[in-house]
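Comments concern the structure below.
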Amino acid sequence: MDSMAARWLDRAPEGWAALVAADPLSSPSHRPEVAAAFVAALPGFEQRFAAVERDGHLIGGAPLLVERRGGARWLHALPMLLSAAPIARAGEHAEVDMAVATAVADLAAELGAAGGEWALYRPGAPVDDAACERVGGETRWLEASVVDLAGGVEAALQRVSRKHRQAMRAARERGLRFAEEPAALEGAYALHLAQSRAWGTHRALPLPLSRELLAAGGPQPAARLFTIRRQGELVSAALALDGPHETFVWWSGTHLEGRRLNAFPLLLWGVVEWAAAAGRARVNLGASTGLQMVASFKSSMGAESVRYPVRWLDARHAGAPARAIGWLQGLVRRGRERGEERA
């Protein structure tokens, strides 16, 4: 009889990168460089990897970060709602999902976790409800906008609205140019900060984290910075996480003049063209749950909606002080997007 077990490691197991590359459902956040960047850039985090093995051979798993704050611990899989849906060898996802869910539940009990989240974005093969519910908490639902590149970039372009195709053509005629520019991080981040101030409860991602991600991964960096310039002036930029199968546009910023010139649609389409040329199967334009105008814009850029669960962990295993910290944290975070209830 096959013997399958999950165990927690403090680093990615041998064969992890090959597993990420082999699983077409993997996301850029499954790359081990992403977890390492969080640990390097942000205080109080330590990385864990659930390695699911059968007869000593790696068949699947998932990354997770433990955050220590105020004497309490939170489990993030992953922070900032990056996906940590289990990856697996072909035909093994269902068993691996349950094995990882059991491991997360056991870790929450062992550490007395005060809360956390488990984001389960996995296009085309959603994680089963039973695996979500194995971990104590509440399941909510988010929607990501995904551009499918399986039919090629020309087929994807035909799904872009006529209005945006015309706008992008006009933007190019005005001299706007797309490029990959990792050295432009500070200027790009300034655009992101300026634009995000109008987004209410949205928090800009920490600059040191973006710097670590751009530097990680050598010739295939964990993140890439894309820009739009006009006559040398930076008018729009986006940082995207990149993996073997997907490019994920994580944060962006566009100057007011760039918005008037339709720089942002041109920027997103430049990322799509780049991803197609790099052999990626899809481009994730991010979640738009509760933001109908944003979702409509992404749809007009040829993206389709992918609905996925997020399990928000409860504090059932935490002591009274940790539960109090979690309650206060909930007050601070009230109003931030947590997803919708199942329809």
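Computed from the coordinates by the stated procedures, all read-outs in this text should not be read as laboratory data. Small disclaimer: the values here were computed from a predicted structure and weren't measured. Heads up, the Cβs are rebuilt from the backbone with ideal geometry, glycines too, and the neighbour counts pull from every protein chain shown.
Brief remarks on what is shown
- From helices alone, the chain scores -10500 deg cm²/dmol at 222 nm; the rule is -39500 (n - 2.57) for each run of n ≥ 4 DSSP H residues, then divide by the residue total.
- FRET efficiency, 1/(1 + (r/R0)^6) with R0 45 Å, evaluated for A204 and R89 via beta carbons: 0.75
- Gaussian network model of the chain, springs between alpha carbon atoms under 10 Å - residue of A223, A287, A130 with greatest fluctuation: A130
- In this label model, E304 and K163 are separated by 2.3 nm, measuring between points 7 Å along each Cα→Cβ vector.
- Spin-label model, A170 to M293: label points 7 Å out along the Cα-to-beta-carbon direction sit 1.9 nm apart.
- Stretchable slack from L42 to W141, in nm (0.36 nm times residue separation minus alpha-carbon distance): 32.9 nm
- A Förster radius of 35 Å combined with the Cβ-Cβ distance from R177 to A125 puts the calculated FRET efficiency at roughly 0.35.
- DSSP beta bridges fully contained in the chain are about 90 percent antiparallel.
- Least to most buried among W269, W118, W16 (fewest other Cβ within 10 Å first): W16, W269, W118
- GNM result for the chain, Cα springs below 10 Å: residue of R31, R162, R177 fluctuating most strongly: R162
- Residue exposure sequence - T247, T227, T102 - by fewest surrounding Cβ within 10 Å: T102, T227, T247
- Computed from the Cα positions only, the extents of the stretch 232-281 along the three principal axes stand at 34, 17, 17 Å, in decreasing order.
- Loop-located GluC sites (Glu not before Pro) in the stretch 1-72 (DSSP state other than H, G, I, E, B) with a sparse environment of at most 14 neighbouring Cβ atoms within 10 Å: E14.
- If you look at the Cα atoms of the stretch 145-305, you get an Rg and a Dmax of 14.7, 39 Å.
- Remark: relative contact order (the chain) = 23 percent; criterion is Cα-Cα distance under 8 angstrom and separation of 6 or more residues.
- Across G218, G60, G258, mean-square fluctuation computed from a Gaussian network of the chain (C-alpha pairs under 10 Å connected) peaks at G218.
- Kirkwood hydrodynamic radius computed over the stretch 1-143 comes to 15.1 Å, based on all pairs of distinct alpha carbons.
- Within the stretch 3-80, the trypsin sites (Lys or Arg not before Pro) that combine a DSSP coil assignment with at most 15 other C-beta atoms in a 10 angstrom radius are R11.
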